[in-house]
Amino acid sequence: MFYDLAIRKNENGYEVIKRLNIGDIKSVEKTVSLNDANKISLVIHASNSNYSFNIKSEDEEINLGIAKTRYLSSEVAGEFTGVIIGLYAHGESCYNYSEFTNFECRYL
């Protein structure tokens, strides 16, 4: 079980998606086109009960919605080992390139 906040290529350029993967349920909950934005930040805010998924550009921060933390906990997921944040890139060709910069994880 996991949640994705991801950038993917489509026929018009790029888009950001919020995807939930809970057991057999796999659902893209929100999609936002990036249009001409070439620099954005993916932002996740966490509380005891929710994750809030956002994208931030120079002009604005857009909320893509929330997801409950309990679906990733031992009460639902079974043998819970903790929350893991993972950065990854996936492509059909070995010539795809991704660069992750300025990764930051702040506990407040």
Restricting to segment 1-13, count the residues that are within 24 Å of Ile84 (Cβ to Cβ), assigned to a strand (DSSP E or B) and open to solvent by 60 Å² or more (accessible area, probe 1.4 Å). 3
Look at segment 43-71 and say how many of its residues are under 12 Å from Val16 (Cα atoms) and open to solvent by 80 Å² or more (accessible area, probe 1.4 Å). 1
Tabulated pairs, segment 14-30, first outside any strand (DSSP E or B), second open to solvent by less than 90 Å² (accessible area, probe 1.4 Å), C-beta under 9 angstrom, 6+ apart or interchain: Gly23/Tyr71; Gly23/Val76; Gly23/Ala77
What's the total number of residues in segment 14-30 that are open to solvent by less than 30 Å² (accessible area, probe 1.4 Å) and either over 29 Å from Ser73 (Cβ atoms) or more than 12 Å from the chain's Cα centre (by Cα) (or both)? 1
Name the residues in segment 36-45 that are modelled with pLDDT of 90 or more and out of contact with any Lys or Arg (no Cβ under 6 Å at 6 or more places or on another chain), would you? Leu42, Ile44, His45
I need a count of the residues in segment 31-42 that are more than 27 Å from Ser73 (Cα to Cα) and open to solvent by 50 Å² or more (accessible area, probe 1.4 Å). 5
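The values are calculated or read from the model by the stated rules, or taken from the named source; none is laboratory data. Treat the numbers as computed from the prediction; the structure is a model and nothing was measured. Positions of Cβ are backbone-derived with ideal geometry, glycine not excepted, and every protein chain shown enters the neighbour counts. Please note that ligands, DNA and RNA were not included when accessible areas were found on the heavy atoms of the full protein model with its side chains. Shrake-Rupley method; radii C 1.70, N 1.55, O 1.52, S 1.80 Å.
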